[in-house]
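Here the structure comes first, spelled out in structure tokens, and everything after it is commentary.
No value in this document is a laboratory result; all are computed from the given coordinates. Just so it is clear, the structure is predicted and the values come from calculations on it, not from any experiment. Methodologically, a virtual Cβ is constructed for each residue, glycine included, from the backbone with ideal geometry; neighbour enumeration extends over all protein chains shown.
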Ligand code: NIG
Ligand code: FE
């Protein structure tokens, strides 16, 4: 089946070489004005200027006339906690009353609150609620997603979460990667016995996860009051024995050495990065992996935004993701992530598109499949409404300027995952 998009006002992100972009290269967003794009069996087949449209193509294709509209690669959201039970708006109200994230966490709220709810929720219910969220996100333009465990915090509940993610992989029409985040918080029962929980992760959880192929990556929340740099190092090394590369939560609230540990352990990405000193920015500048910024978590927790411009100036491979989770970013809308990255972090629109597409694809190991308009990649595309220019997408934040999202070349307006 051949589909052809014609008269595209701007086709963005079309490139045959699609490397990870760092520093000034993040500005390089290839665009073709008045373009065509053809899709065969869900894959990108060819593209170019309308003037160069081969005449025989039109005869055999379904034509979608895109006059006035733009096409860009679908968003790649490389950091989410999409599987969770219930919600935490009562903590949201507590924060409005002046309590801090750390205070709420230390009084049994936060991650432990979500863990208590998850324990009581069945695999089927978790699956249904996550699929419902995912369906909404696909319609908002997300064309690939990473999902973490980490609200289980016991062998049984972590495995339950990871099995839910495995089912999502089978059902979802988009690429999904699973990250094991057993080291998200020390559970109540191990408050005084951290060593016991580390051993449970390493000796009980990991062997089963590897045996059942339940995870693609390993993660830890390296933070004061959570997992130390030494704990994180042990987790990374244990994951490496099963071939799991790290994607780590580092420097959200404090600098505790997570960046050095991540670099030493060959992390795919280092994520959050709200709190960085000069040396850490320089380290990320030469770090081979992705520096993933989660600006909606900073927005929601009213924290200083990540220093995107300094990181780009240092040469970092800045990547953007939503961090969708019930505590610090209860939204996975990548259009909003993109808008506040411009508005609050002063990233340029072209940088934001690259950081949310091709760099996101590298941050979850799906760069051969998605993240750019490249022949042979999946036709996971955002077709905008009629707009004057790409910056208009972020300038008019909060407006839904998506006309249609195509996944494997198919419209998703009526797609249902349930
Ligand atoms: O990425 N910071 C650690 N983990 C999540 C928040 C978890 C929660 O509050 O439920 C995050 O922001
Ligand atoms: Fe997170």
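Any idea what diffusion coefficient the stretch 39-102 gets from Stokes-Einstein, in µm²/s, Kirkwood Rh on alpha carbon pairs, 4 °C, 1.567 mPa s?
Working: Rh = 17.5 Å.
The calculation lands on 74 µm²/s.
Considering only the stretch 258-406, what is the antiparallel percent among its DSSP beta bridges, to the nearest 5?
On the way: 5 of 13 bridges.
Close to 40 percent.
Once you have the alpha carbon radius of gyration of the stretch 190-344, what is it after dividing by 2.2 N^0.38 Å, with N set to its residue count? Please list the in-between numbers first.
Values: Rg = 15.7 Å, N = 155, 2.2 N^0.38 = 15.0 Å.
Normalised by 2.2 N^0.38 Å, the Cα Rg of the stretch 190-344 equals 1.05.
Kindly provide the helix-only [θ] at 222 nm of the chain, computed as the sum of -39,500 (n - 2.57) over DSSP H runs of four or more divided by all residues, to the nearest 500 deg cm²/dmol?
Numbers: 17 runs with 144 residues, N = 418.
Counting only the DSSP helices, I get -9500 deg cm²/dmol.
Which three numbers, in whole Å and largest first, are the semi-axes of the equivalent ellipsoid of the stretch 320-381 derived from its Cα gyration tensor as √(5λ)? Mind dumping the intermediate values first?
Working: eigenvalues 98, 45, 16 Å².
Semi-axes from the Cα gyration tensor: 22, 15, 9 Å.
Order by neighbour count: 60, 268, fewest other Cβ atoms within 10 Å first, most last.
Details: 60 11, 268 25.
Placing the least packed residue first, the sequence is 60, 268.
Mind pulling the angle between the C-alpha long axis of helix 229-240 and the longest principal axis of the chain? Nearest 10 degrees, somewhere in 0 to 90.
Orientation of helix 229-240: about 60 degrees from the principal axis.
How far apart, in nanometres, would the label points at residue 155 and residue 43 be if each is projected 7 angstrom from Cα along the Cα-to-Cβ direction?
4.3
If all Cα-Cα distances of the stretch 335-418 are sorted into 10 Å bins from 0 onward, what percent lands in each bin, rounded to whole numbers?
Cα pair-distance distribution for the stretch 335-418, in percent: 16, 42, 37, 5.
Taking the Cβ of each residue in 347, 1, 205 as the centre, tally the other Cβ atoms inside 10 Å and list the residues starting with the fewest. Working shown, then result.
Details: 347 29, 1 11, 205 24.
Placing the least packed residue first, the sequence is 1, 205, 347.
Quick check on the chain: of the DSSP beta bridges with both residues there, what percent are antiparallel, nearest 5%? Please list the in-between numbers first.
Values: 26 of 60 bridges.
Looking only at bridges with both residues in the chain, the antiparallel portion is about 45 percent.
Can you give me the angle between helix 155-171 and the longest principal axis of the chain, using Cα atoms only, in degrees from 0 to 90, rounded to the nearest 10?
10
Dimensions of the stretch 276-418 along principal axes (Cα, Å, largest first)?
48, 35, 33
When the Cα centres of the stretch 28-77 and the stretch 335-414 are compared, how far apart do they sit, in Å?
15
Between the alpha-carbon centers of the stretch 231-272 and the stretch 162-182, tell me the distance in whole angstrom.
Here the answer is 21 Å between Cα centres.
Once fully extended, how much extra length lies between residue 59 and residue 96, figured as 0.36 nm per residue of separation less the alpha-carbon to alpha-carbon distance?
Details: separation 37, 0.36 × 37 = 13.32 nm, distance 5.96 nm.
Stretched fully, the residue 59-residue 96 segment lengthens by 7.4 nm.
Would you kindly give the portion of the calculated P(r) for the stretch 76-194 that falls above 21 Å, as a percent of all Cα pairs?
On the way: 2896 of 7021 pairs.
That tail contains 41 percent of the Cα-Cα pairs.
How far is helix 123-139 tilted off the main Cα axis of the chain, in degrees rounded to 10, range 0 to 90?
Result, in degrees: 40.
The stretch 155-281: percent of C-alpha pairs farther apart than 20 Å? Don't jump to the answer; show the numbers that get you there.
On the way: 3477 of 8001 pairs.
Value for the stretch 155-281: 43 percent of Cα pairs lie more than 20 Å apart.
Using the basic label-point model (7 angstrom from Cα toward the beta carbon), what is the residue 288 to residue 411 distance in nanometres?
Distance between label points: 4.5 nm.
What does the convex hull of the Cα atoms come to per residue for the stretch 165-223, in Å³? It would help to have the intermediate numbers written out before the result.
Details: hull volume 5.7 nm³, N = 59.
Convex hull volume per residue, Cα atoms: 96 Å³.
Based only on the alpha carbon positions, what is the Kirkwood hydrodynamic radius of the chain, in angstrom?
Working: mean 1/r = 0.0464 Å⁻¹.
Answer for the chain: a Kirkwood hydrodynamic radius of 21.6 Å.
Just for the Cα atoms in the stretch 1-109, what are the lengths along the principal axes, largest first, rounded to whole Å?
Principal-axis extents of the Cα atoms in the stretch 1-109, largest first: 67, 34, 24 Å.
Give me the number: length gained by fully extending residue 264 to residue 171, i.e. 0.36 nm times residue separation minus the C-alpha to C-alpha distance, one decimal in nm. List each step's numbers first, then the result.
Working: separation 93, 0.36 × 93 = 33.48 nm, distance 3.57 nm.
Stretched fully, the residue 264-residue 171 segment lengthens by 29.9 nm.
Using the C-alpha gyration tensor of the stretch 99-154, what are the square roots of 5 times its eigenvalues, in whole angstrom, with the largest one first? Intermediate results must be reported in sequence, preceding the final value.
On the way: eigenvalues 129, 51, 18 Å².
Result for the stretch 99-154: semi-axes of 25, 16, 9 Å.
Throw me the Rg/Rh for the stretch 1-58, computed over C-alpha atoms with Kirkwood Rh, two decimals. Don't jump to the answer; show the numbers that get you there.
Values: Rg = 13.0 Å, Rh = 12.5 Å.
With Rg and the Kirkwood Rh in hand, the quotient comes to 1.04.
Run the quick spin-label model on residue 15 and residue 310: label points 7 Å from Cα toward the beta carbon, then report their separation in nm to one decimal.
2.7
What Kirkwood Rh does the stretch 246-324 have if only Cα atoms enter the pairwise 1/r average? Answer in Å.
Final number for the Kirkwood radius of the stretch 246-324 is 12.1 Å.
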